[in-house]
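Inspection log for the structure reproduced underneath, given as structure tokens.
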Amino acid sequence: MFDLIIIGAGPAGMSASIYASKANLNTLLIEADSPGGLLNKLNKIDNYLGFKNISGSDLAFNMYDHIRSLNVSLKHEKVLKIEDNNETKKVITNKGEYFTKKVLIAIGRKPKKAGVKGEELYNKKGISYCAICDSHLYKDKDVVVTGNNDLAFSEAIYLSDIASSVTLITNNKYNDKRIKIINSSVKEFIGQDALTGVKLENDDVIKCSAAFIYNGYITEVNFLNELGIINDSGNIDVDSRMETNVKGIYAAGDIIKKDVYQINTAVSEGCIAALSAKMDIINEK
């Protein structure tokens with residue numbers, strides 16, 4: 001019987017495992033892929049305290065190395081189901097079954113690809129899915145933002161204070177003098193060694209150094225359906241202690257509903273969730 005099972009070894013999950021270990025909780029960390037999650041897809045990070053400039057993969061390795069130094073138990077398995085049995089929970093994976101007092105869900109989310117020609121070719125070579133993460137790379141350069149949602153519009157406004165020019169390509173009606181708005185769709189991303197422009201559906205070409213894609217996010221939450229903790233947006237609602245509407249099940253990181261999706265917030269939420277689980281276990285004795 002574990003005290004806490006953490007599902008997902010991204011920044012939130014690894015942060016939680018550190019605090020759980022320090023709190024003397026018998027903890028199991030389960031990750032189906034590589035530790036770090038989306039960190040491994042970031043070229044450069046310069047807004048995480050303590051690291052002036054570090055690649056996402058290096059930061060992920062540093063976090064992983066940290067948890068290994070604490071002998072946190074890590075299993076590379078895919079979680080298929082979580083059963084709530086009140087005082088205990090059962091976590092079922094593709095390789096076994098584990099019983100625990102508390103569960104922390106920290107599986108994160110993935111950006112949904114646009115499915116446009118050239119997208120994979122210029123990924124990390126001008127194409128980005130996070131303006132806050134990569135905007136500094138294109139300071140005083142011409143950039144494009146594409147997406148038919150409010151997030152694309154707000155990120156275009158964010159970039160307007162950094163880039164030389166920002167063009168938002170969308171099928172929605174927006175209006176803001178800080179950016180240029182074109183009602184169209186992207187047909188193809190073009191370039192040579194790196195992205196140099198986008199081709200619209202009418203074959204017009206907009207020259208740019210970067211294209212920020214906002215096509216929504218994918219959250220792989222089918223295994224949580226029976227718990228009833230997923231909201232209409234595909235995220236998990238939590239309280240200030242990171243607990244869901246099911247007692248003893250917590251969530252942290254990009255899977256939860258929040259306003260800011262950053263490494264810093266994920267790490268903080270993992271800390272809060274682990275300490276909340278610790279206090280709940282103490283109070284239940």
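The values are calculated or read from the model by the stated rules, or taken from the named source; none is laboratory data. Everything numeric in this text was worked out from a predicted model, so none of it was measured. As a convention, Cβ positions derive from the backbone with ideal geometry for all residues, glycine included, and neighbour counts pool all protein chains shown. Ligands, DNA and RNA are excluded from the accessible area calculation, which covers all protein heavy atoms including side chains. Shrake-Rupley method; radii C 1.70, N 1.55, O 1.52, S 1.80 Å.
Against the condition at pLDDT 95 or above, touching a helix residue (DSSP H, G or I) at 6+ places or on another chain (Cβ under 9 Å), on the phi < 0 side of the Ramachandran plot and in a strand (DSSP E or B), how does V198 come out, does it pass? Steps first, answer last, please.
On the way: at pLDDT 95 or above: yes; touching a helix residue (DSSP H, G or I) at 6+ places or on another chain (Cβ under 9 Å): no; on the phi < 0 side of the Ramachandran plot: yes; in a strand (DSSP E or B): yes.
So V198 does not fit the description; no.
Would you confirm, using the coordinates I've provided, whether N85 is surrounded by fewer than 14 Cβ atoms within 10 Å (Cβ to Cβ), more than 23 Å from I263 (Cα to Cα) and touching a helix residue (DSSP H, G or I) at 6+ places or on another chain (Cβ under 9 Å)? Outline the logic, then answer.
Working: surrounded by fewer than 14 Cβ atoms within 10 Å (Cβ to Cβ): yes; more than 23 Å from I263 (Cα to Cα): yes; touching a helix residue (DSSP H, G or I) at 6+ places or on another chain (Cβ under 9 Å): no.
In short, no.
Yes or no, residue by residue, for (1) out of contact with any Phe, Trp or Tyr (no Cβ under 7 Å at 6 or more places or on another chain); (2) closer than 30 Å to E284 by Cα; (3) aliphatic (A, V, I, L, M); (4) part of a strand (DSSP E or B):
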site	(1), (2), (3), (4)
V91	no, yes, yes, yes
T100	no, yes, no, yes
E119	no, no, no, no
D140	yes, no, no, no
F153	no, no, no, no
I162	yes, no, yes, no
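Answer yes or no as to whether E226 is modelled with pLDDT of 95 or more and out of contact with any helix residue (DSSP H, G or I) (no Cβ under 7 Å at 6 or more places or on another chain).
In short, no.
Could you please find all residues in the range 29-63 being closer than 18 Å to Y217 by Cβ, open to solvent by less than 70 Å² (accessible area, probe 1.4 Å), touching a residue at least 24 places away in the same chain (Cβ under 8 Å) and not in a loop (DSSP other than H, G, I, E, B)?
Answer for the range 29-63, where residues must be closer than 18 Å to Y217 by Cβ, open to solvent by less than 70 Å² (accessible area, probe 1.4 Å), touching a residue at least 24 places away in the same chain (Cβ under 8 Å) and not in a loop (DSSP other than H, G, I, E, B): G37, L38, L39.
Would you confirm whether any residue within the range 26-38 is under 27 Å from I92 (Cα atoms) and touching a Cys at 6+ places or on another chain (Cβ under 9 Å)? Spell out the reasoning first.
Here is the first cut: in the range 26-38, the residues under 27 Å from I92 (Cα atoms) are 26-38.
Those left that are additionally touching a Cys at 6+ places or on another chain (Cβ under 9 Å): 38.
Looking through the range 26-38, at least one residue is under 27 Å from I92 (Cα atoms) and touching a Cys at 6+ places or on another chain (Cβ under 9 Å).
Show the residue pairs that are 6+ apart or on different chains and have beta-carbon atoms under 7 Å apart, the first residue being within the range 146-166 and farther than 17 Å from V186 by Cβ and of a type outside the set (A, V, I, L, M), the second being crowded, with 21+ Cβ neighbours inside 10 Å and at pLDDT below 95.
Matching pairs, first to second residue: Y158/A131.
From (1) modelled with pLDDT of 95 or more; (2) open to solvent by 20 Å² or more (accessible area, probe 1.4 Å), pick out the condition that doesn't hold for G126.
(2)
Are any residues in the range 172-195 open to solvent by less than 50 Å² (accessible area, probe 1.4 Å), outside any strand (DSSP E or B) and closer than 21 Å to K125 by Cα, and if so, which ones?
Looking only at the range 172-195, we keep the residues that are open to solvent by less than 50 Å² (accessible area, probe 1.4 Å), and these are 174, 176, 179, 181-182, 184-186, 188-191, 194-195.
Now drop any that are not outside any strand (DSSP E or B), which leaves 174, 176, 179, 184-185, 194.
The answer is S185, A194.
Any idea how many residues of the range 155-171 are surrounded by fewer than 16 Cβ atoms within 10 Å (Cβ to Cβ) and either touching a Cys at 6+ places or on another chain (Cβ under 7 Å) or under 17 Å from K112 (Cβ atoms) (or both)?
Matching residues across the range 155-171 total 1.
Quickly run through the range 240-285 and pick out the residues that are without any contact (Cβ under 8 Å) to a residue 40 or more places away in the chain and part of a helix (DSSP H, G or I).
The answer is T265, I272, S276, M279, I282, N283.
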